[in-house]
Amino acid sequence: MASNFFDLKKRKEAAAASSSSKQKAGQSQAADRPVPWVEKYRPKSLNDVTAQDHTISVLRRTLQSSNLPHMLFYGPPGTGKTSTILALAKELYGPELMKTRVLELNASDERGISIVREKVKNFAKIAISSTSAANASKYPCPPYKIIILDEADSMTQDAQSALRRTMETYSKITRFCLICNYVTRIIDPLASRCSKFRFKPLDEGNARLRLSSIAEAEGVKHQDGVIDTLIKVADGDLRKAITFLQSAARLHGAVVKEKTGDDMEVDGGAKGGEITVRSIEEIAGVIPEKTIDELMQSMEPRPHGQAVYTPVSTVVQDIVADGWSATQVLLQLYNRLVFSDMLNGDQKNRIVAIFSEIDKRLVDGADEHLVTLDMSLRVAAVLGDSGS
Amino acid sequence: MLFVDKHRPKTLDSLTYHSELSDRLKALANGDFPHLLVYGPPGAGKKTRIIATLKELYGPGVEKIKIDSRVFTTTSNRKLEFNIVASVYHLEITPSDVGNYDRVVIQDLLKEVAQTQQVDLAAKQRFKVVVINEADHLSRDAQAALRRTMEKYSPNLRLILLATSTANIIAPIRSRTLLVRVAAPSTDEIVEVLKGVGKMEKLEVREGLCRRIAVESGRNLRRALLMFEAVYAQNEVVKDNTPLPPPDWEALISQIADEIMAEHSPARILQVRAKLYDLLTHCIPPTVILKTLTFKLIPKIDDTIKADVIKWSAFFEHRLHLGNKPIFHLEAFVAKFLRLLETYLMDMDYDF
């Protein structure tokens with residue numbers, strides 16, 4: 001269960017080489033089998049984890065003392081929660097022992113109450129297997145197992161409460177690590193049993209460093225400002241930024257294929273074109289400024305007696321037909337209007353109220369065309385009425 | 001065979017519009033293929049593009065498809081029957097068919113696919129592709145179940161999600177996929193397609209008629225082709241000004257709109273209800289009814305109340321999704337509309 005592709009690779013490497021040549025082995029293997037960069041550049045040790053200084057330093061200390069508390073990692077997506085625990089487990093046990101000592105369960109596994117009662121409990125019960133001398137000399141191999149419950153916020157309340165006693169009873173030989181996006185979805189009794197680690201969104205500097213190093217390692221050519229745009233659209237989510245970077249590299253012919261036997265070799269893109277800022281925006285689904293300008297213009301109050309309906313409905317119809325997502329329209333319009341100097345506080349208040357309602361409707365699955373039209377017309381009404 | 005199916009482009013090269021997008025898909029198919037999330041309005045050609053991309057990936061083998069029926073068992077021991085369209089290289093599923101149990105299907109099926117490697121050594125790719133239709137109707141649980149699966153089994157599995165909007169796709173999925181937007185074709189592009197089809201069918205093509213169809217279809221190519229075929233099926237001689245037959249349900253909705261405008265009374269609401277029920281029993285989705293009715297009513301009313309009508313239309317459309325008996329909300333909209341109109345007319349009277 002705990003094995004994934006990444007571990008397999010690691011295991012093979014470990015068998016073949018010592019830790020110093022690991023990096024190279026990984027990369028040469030990745031070359032003949034295309035791997036998403038997100039996996040390829042997943043931090044391999046705690047030191048590689050970007051930007052979560054506080055968390056890492058605490059974990060590092062526990063690594064030395066070989067005594068781990070139960071842990072609860074929380075924070076927005078793409079901040080390195082899963083990577084951190086996997087890296088930690090690897091440093092603790094080494095690739096060999098990880099198979100037997102770590103149980104990873106995530107939302108793709110069945111995690112009803114019955115699973116917690118049986119599988120988790122059974123795994124927690126198992127006595128610690130002994131470790132070979134060779135392994136013990138290289139890794140700390142502390143005398144407990146780790147159960148990783150990824151995406152724990154999608155577990156039911158019942159399943160969570162079934163964990164409570166299990167966590168305590170077997171705490172001598174088992175440590176739990178819960179990972180979630182929203183700490184509020186974890187029931188209090190569980191949260192109070194864990195030491196909490198908050199993963200904050202990546203700040204610009206670190207994200208830039210990481211992205212540039214990946215771009216360099218892959219030999220991706222890019223225009224100035226591409227990295228900035230990536231950081232902006234990804235909003236602190238490093239995984240998103242890396243995915244976008246890779247997608248853009250592929251789209252721009254930065255991937256050159258060479259036939260060697262049956263294998264397709266992926267080249268870093270020395271011969272391909274450059275990544276442009278616009279292509280990053282296109283991949284991220286950002287609407288061109290021009291379209292938003294048109295919408296804004298159509299919503300401007302008209303001279304007396306003219307209604308805004310016709311121009312607004314035309315623009316909205318085009319936006320919908322072009323397939324722009326309504327949430328994105330909402331977001332970009334929001335950024336425009338809230339920071340606009342033309343509006344007074346009262347107007348902004350009313351506009352934000354409209355946005356919140358529209359967002360709720362979109363999440364509930366209402367029709368995008370009607371909702372966007374409604375939003376535009378209501379915002380237009382507010383724009384026309386300065387409330388003086 | 002309908003024109004829509006008969007003349008569906010089979011390869012990326014034969015796609016007529018968005019050639020830039022086709023090139024991109026081609027580049028992806030020949031390189032390192034990511035997970036895709038394809039979104040765009042209906043009738044824009046999402047599915048056609050994906051099928052063409054699959055062909056580019058695997059060659060003609062993907063066209064030999066068979067339909068499997070599989071039985072899944074939920075945790076509460078309920079049996080679910082689920083149809084899978086499959087070729088040797090890919091699977092196509094519509095998990096929203098099984099409603100709330102889509103999570104079970106996603107978990108079981110995808111894992112099964114993901115854990116088996118490609119058997120056919122001659123295959124061009126080492127992974128299988130799973131196409132998920134109507135991904136925006138997947139439940140939250142099912143989407144959460146996708147998250148780790150997508151990363152863990154990426155050597156054996158690529159996903160292509162098809163959706164009309166990205167609003168209901170959770171952020172973790174969006175950050176794991178390459179977003180591909182398929183915009184609806186422009187009116188000119190539709191005209192070109194219609195002309196091309198007409199030529200292949202050896203029909204007498206009228207430029208003016210094609211243009212009218214294109215405008216009428218609201219940039220929906222599938223609809224345009226169906227209308228095009230209908231016109232030629234119903235008339236022996238086709239002229240530029242041949243009337244376009246609207247679909248039955250649309251004709252009925254415009255009739256409702258006329259009735260609503262003609263008389264504003266509770267008795268009229270009762271009459272309208274019968275018609276609305278008629279539409280619902282013919283499986284016209286309530287959202288479509290409400291939307292069509294709104295856009296039929298809008299041209300008939302004064303500019304000053306249009307914004308209000310849209311506001312309430314959006315309001316009741318939202319309610320449609322939350323509630324479970326559509327007729328209430330449709331009727332409520334009709335009643336609200338009558339009230340708006342009446343108030344407006346009253347105000348006019350006072351002015352004089």
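Of note:
- Estimated FRET transfer efficiency when R0 is 35 angstrom, pair A:Glu118-B:Asp5 (beta carbons, to 0.05): 0.10
- Simple spin-label estimate for B:Lys195 and B:Asn156 gives 5.1 nm between the two label positions (7 Å along the Cα-to-Cβ direction from each Cα).
- Anchor B:Lys64: lysines whose Cα lies under 24 Å away (excluding residues fewer than 8 positions away in-chain): B:Lys6, B:Lys10, B:Lys26, B:Lys46, B:Lys47, B:Lys55, B:Lys111, B:Lys124, B:Lys128
- GNM result for chain B, Cα springs below 10 Å: residue of B:Asn324, B:Asn156, B:Asn83 fluctuating most strongly: B:Asn324
- By other beta-carbon atoms within 10 Å, ranking A:Met299, A:Met375, B:Met1 with the fewest at the front produces B:Met1, A:Met299, A:Met375.
- Of B:Lys195/B:Lys296; A:Lys44/A:Lys121; A:Lys200/A:Lys232, pairs whose Cα-Cα distance is over 19 Å: B:Lys195/B:Lys296; A:Lys44/A:Lys121
- Extreme residue, positive dipole direction of the protein assembly as shown, given options A:Leu337, B:Val215, A:Ile56 (C-beta unit charges): A:Ile56
- Antiparallel content of DSSP bridges confined to chain B, in %, to 5: 35 percent
- For the range B:261-272, 3J(HN,Hα) per residue [Karplus equation, 6.51 cos²θ - 1.76 cosθ + 1.60, θ = phi - 60°, Hz, x = Gly/Pro]: 5, 6, 9, 10, 8, x, 4, 5, 4, 4, 4, 5
- Close amide H pairs (under 5 Å, H built 1.01 Å from N) link A:Glu104 with A:Ala2, A:Ile148, residues at least 5 positions away or on another chain.
- In this label model, B:Asp240 and B:Val88 are separated by 5.4 nm, measuring between points 7 Å along each Cα→Cβ vector.
- Estimated FRET transfer efficiency when R0 is 22 angstrom, pair A:Thr276-A:Asn47 (beta carbons, to 0.05): 0.05
- Compared with the direct C-alpha span, the chain from B:Tyr344 to B:Ala251 gains 30.8 nm at full extension, assuming 0.36 nm per residue.
- Residues B:Ile301, B:Ile213, B:Ile51, ranked from the fewest to the most other C-beta atoms within 10 Å, line up as B:Ile301, B:Ile51, B:Ile213.
- Between B:Leu91 and B:Val129, B:Val130, B:Val131, the built amide H atoms are under 5 Å apart, and every one of these is 5 or more places off in sequence or on another chain.
- Interatomic Cα distance distribution for the range B:247-315, bins of 5 angstrom, percent: 3, 16, 26, 27, 20, 6, 1
- Candidates B:Thr164, B:Thr149, B:Thr287: whichever shows maximal mean-square fluctuation once chain B is modelled as a Gaussian network with Cα springs under 10 Å: B:Thr287
- For chain B: relative contact order, % (alpha-carbon pairs under 8 angstrom, 6 or more apart): 15 percent
- Using θ = phi - 60° in the Karplus curve 6.51 cos²θ - 1.76 cosθ + 1.60, the 3J(HN,Hα) couplings for the range B:133-140 round to 7, 6, 5, 6, 9, 5, 6, 4 Hz; x is entered for Gly and Pro.
- Residues whose amide H comes within less than 5 Å of that of B:Leu157, counting only those at least five positions distant or on another chain, are B:Lys128 (H built at 1.01 Å from N in the peptide plane).
- Cβ crowding within 10 Å ranks A:Tyr170, A:Tyr309 as A:Tyr170, A:Tyr309, fewest other Cβ atoms first.
- Each of B:Leu252, B:Leu279, B:Thr116 was placed along the dipole of chain B (beta-carbon charges, centred on the mean Cα), and the one lying farthest toward the positive end is B:Thr116.
- P(r) tail, the range B:6-138: Cα-Cα pairs separated by more than 20 Å, 50% of all pairs.
- Only DSSP H runs of four or more residues enter the estimate; each adds -39500 (n - 2.57), and after division by the residues of chain B the mean residue ellipticity at 222 nm equals -16000 deg cm²/dmol.
- Dipole in debye (nearest 20) - chain B, about Cα centre, beta carbon charges: Lys, Arg +1; Asp, Glu -1: 1480 debye
- Relative contact order of the range B:1-111, pairs being alpha-carbon contacts under 8 Å that are 6 or more residues apart, as %: 18 percent
- Number of partner chain Cβ atoms within 10 Å, mean per residue of B:20-30: 3
- For A:368-376, mean number of other protein chain Cβ atoms within 10 Å: 6
- Rounded tilt (10° steps) of B:46-58 against the dominant C-alpha axis of chain B: 10 degrees
- Mean sequence separation of contacting Cα pairs (under 8 Å, at least six apart), scaled by the length of the range A:294-388, corresponds to a relative contact order of 41 percent.
- The magnitude of the dipole of the protein assembly as shown, with charges of +1 and -1 set on the Cβ of Lys/Arg and Asp/Glu and taken from the Cα centre, is near 3680 debye.
- For the range A:186-196, 3J(HN,Hα) per residue [Karplus equation, 6.51 cos²θ - 1.76 cosθ + 1.60, θ = phi - 60°, Hz, x = Gly/Pro]: 8, 5, 3, x, 6, 4, 6, 8, 10, 8, 8
- With a simple spin-label model that places each label point 7 Å from the Cα along the Cα-to-Cβ direction, the separation between A:Tyr334 and A:Ala217 comes to 3.4 nm.
Read the figures in this text as sums done on the coordinates, not as results from a lab. It should be emphasised that the depicted structure is a prediction, and the values quoted were computed from it without experimental measurement. Because the Cβ atoms are built from the backbone with ideal geometry, glycine has one as well, and the counts that use them run over all protein chains shown.
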